[in-house]
1. HN-Hα J couplings of the range 84-92 from phi, Karplus 6.51/-1.76/1.60, θ = phi - 60°, integer Hz, Gly and Pro as x?
2. Hey, what D do you get for the chain in µm²/s if you plug the Kirkwood alpha-carbon radius into Stokes-Einstein at 20 °C and 1.002 mPa s?
3. On C-alpha positions alone, give me the angle between the axis of helix 25-46 and the longest principal axis of the chain, in degrees, nearest 10.
4. What nm distance separates the two modelled labels at ALA175 and GLN140, each placed 7 Å from Cα along Cα→Cβ?
5. With a cut-off of 12 Å, note down the residues of the range 93-120 whose backbone N falls inside the zone around a label point 7 Å from the Cα of HIS86 toward its beta carbon.
6. When the solvent-accessible surface of protein heavy atoms is calculated with a 1.4 angstrom probe, in what order do PHE148, PHE33 fall, highest first?
7. What number of lysine-lysine pairs in the chain show an alpha-carbon separation below 25 angstrom, given a sequence spacing of 8 or more or placement on distinct chains?
8. Count the net charge of all other residues whose Cβ sits under 9 Å from the Cβ of VAL181, scoring Lys and Arg as +1 and Asp and Glu as -1.
Amino acid sequence: MGDLLNSLPDAEGWRDIAYVGYCDGDAGLAEGFAEAAEAVFKQWQRSPRTGDQLLLPLIHNYRHALELALKQAIRDAAACLRSDGHDNPSLRPAELDAHLKRKQRHRLGPLADQLGRLLKELALDGLPGDTMRLLARFHQLDPTGEAFRYADHLQTSARTVDVPQLTKLLRDAFAIVHGGVLTELHAHVDYQHEMHEMRTDYADTFDDMTF
């Protein structure tokens, strides 16, 4: 007996097919969850007043998108520090993944703080203050990653919420982490490669010089 995905019959057409695992790691998967949140928001806009049941799935998808993006940014920042010669054992991939899995888990606030420290060590721009505050409030509302997954787990005094305003806040925060920080780190990797090549070329030139 195969698994669920293998047990399905062949699709009738290519438009019915999605490639399994084709998401470019956590960064790509984060983008997928953000797109899913936007699809839920569009459905909420089209729904009658009784579309309130879409609120928690909308928030949960953006929350998971942010978590994945933060964790990928932490891994990328740690890799940059290792390239710079930092030998702290906590930056090693195995130790870092264990830390994210066992300690940080789904905690957005501590993940944002950890990323901020790594970016500071790299002398790169950190997360803006308003983004940090939003992530801290998100963590306070949902410290374990379960508040938006089950009924009656959300502890808040709010009775209503402006869904378009909330969605914009989450969209903007995701853009900062995913589109901003990850892009900044990718550019830093390119800078590190260029500097390494320059040092190598300089060393080769120096070795070839005769006095």
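The values are calculated or read from the model by the stated rules, or taken from the named source; none is laboratory data. This is a predicted model, so every value here is computed, not measured. Every residue, glycine as well, gets a Cβ built from its backbone with ideal geometry; the counts of neighbours run over all protein chains shown. Heads up: the accessible areas ignore ligands, DNA and RNA and are worked out on the full protein's heavy atoms, side chains in. Shrake-Rupley method; radii C 1.70, N 1.55, O 1.52, S 1.80 Å.
1. Result, ordered by residue: 7, x, 5, 10, 4, x, 5, 8, 5 Hz.
2. Estimated via Stokes-Einstein, D reaches 108 µm²/s.
3. Helix 25-46 sits at roughly 30 degrees to that axis.
4. Placing both labels 7 Å beyond Cα along the Cβ direction yields 2.5 nm.
5. Under cut-off, by backbone N: 114-120.
6. Largest accessible area first, the residues go PHE33, PHE148.
7. Numbers: LYS42/LYS168; LYS71/LYS101; LYS71/LYS103; LYS71/LYS120; LYS71/LYS168; LYS101/LYS120; LYS103/LYS120.
Lysine pairs meeting both conditions in the chain amount to 7.
8. That sum, taken over residues with Cβ under 9 Å, equals -3.
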